[in-house]
Amino acid sequence: MTLDFSVVANAWPALLSGVMGTMLLAASGMALAMIIGVLGVAILRAQMRIPSFLVTAFVEIIRNTPFLVQIYFIFFALPLAGIRLNPTITAILALGLNGGAYAIEIIRGGVESISKGQTEAGLALGLHRGEVFRLIVLKPALKAIYPSLSSQFILLTLTTAICTSISAYELTSVGQRIEAETFRSFEVYFTLTMIYLVISLITMWVLAAIGKRAFNYPDR
């Protein structure tokens with residue numbers, strides 16, 4: 001077998017565009033996941049019976065079903081109910097819902113690590129429950145769970161590759177297009193593997209730098 005990486009070199013503009021698509025999906029999905037995670041934990045802490053049940057059911061359903069099935073359901077089944085979304089919006093929504101279920105569990109673990117004494121002290125100082133949750137509970141909890149959230153973001157970034165199954169524009173879909181045009185499977189997918197590795201390492205470094213600046217984490 002003769003390797004020919006020139007086909008990959010010639011396609012670098014398209015691959016770079018695919019990387020940007022991947023990062024757009026990952027960042028948007030994680031932003032949505034964080035919103036879902038914080039709201040979900042707030043609902044659980046409010047101890048409202050029906051909303052809490054719905055949040056718990058959502059977490060269990062998402063965590064115990066494959067992501068591919070989830071994104072297929074949104075893209076192929078929801079149109080039967082009159083809800084039609086383009087591939088990019090579908091991918092962001094699916095990533096956000098999937099990441100949100102895990103974010104709820106991660107954030108809840110951090111929140112539950114905060115002692116009740118701190119909450120009671122905040123209430124005694126005249127703070128509203130929302131202020132207590134935001135200032136006394138959530139902020140310290142985020143410091144404790146930031147490494148786990150960072151790992152979840154990296155995992156979500158890699159999960160974007162599955163979004164090619166609905167023709168969402170991202171790195172893997174670009175790679176498949178190049179492979180279909182050139183028939184150089186090894187060269188294309190080896191390059192994709194290396195690009196995903198670089199993306200993960202750079203993302204890890206950036207998140208570590210953010211954590212150090214925001215939460216004063218020590219150097220490793």
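Couple of notes before you dig in:
- Counting only Cβ charges, +1 for Lys and Arg and -1 for Asp and Glu, the dipole size of the chain around its Cα centre is about 780 debye.
- In region 121-220, a dipole from Cβ-located charges (positive for Lys and Arg, negative for Asp and Glu) runs towards its positive end, and of ALA168, LEU149, LEU135 it is LEU135 whose Cα lies farthest in that direction.
- Region 71-156 - convex hull of alpha carbons, volume per residue in Å³: 115 Å³
- Helical content of the chain, expressed as a calculated mean residue ellipticity at 222 nm, amounts to -24500 deg cm²/dmol (DSSP H runs of 4 or more residues, -39,500 (n - 2.57) each, divided by residue number, nearest 500).
- Of the DSSP H helices in the chain, those with a Cα length along their own long axis of 30 Å or more and a mean Kyte-Doolittle hydropathy reaching 1.6 comprise 12-46.
- Virtual spin-label span in nm between THR193 and GLU112, 7 Å along Cα→Cβ: 3.9 nm
- This ranking places VAL7, VAL206, VAL55 by how few other beta-carbon atoms lie within 10 Å of each, fewest first, which gives VAL206, VAL7, VAL55.
- Convex hull projection area averaged over all views, region 129-220, Cα basis, nm²: 8.3 nm²
- Both radii were evaluated on the Cα set of region 165-216; the Rg over Rh quotient, with Rh as the Kirkwood radius, amounts to 1.21.
- The chain - percent relative contact order, Cα under 8 Å, separation 6 or more: 31 percent
- Proportion of all alpha-carbon pairs of the chain beyond 26 Å (%): 47 percent
- With the simple model of a label 7 Å out from the Cα in the direction of the Cβ, ARG84 to ARG213 spans 4.3 nm.
- Count Lys and Arg as plus one, Asp and Glu as minus one, and take only other residues whose Cβ is under 10 Å from that of PHE5; the net charge is then -1.
- C-alpha center-to-center spacing [region 44-81, region 164-220] in angstrom: 27 Å
We did not get these values from a lab; they are worked out from the coordinates using the rules stated. Worth saying up front: this structure is predicted, and the values here are computed from it rather than measured. Cβ coordinates were reconstructed from backbone atoms using ideal geometry, including for glycine residues, and neighbour counts include every protein chain displayed.
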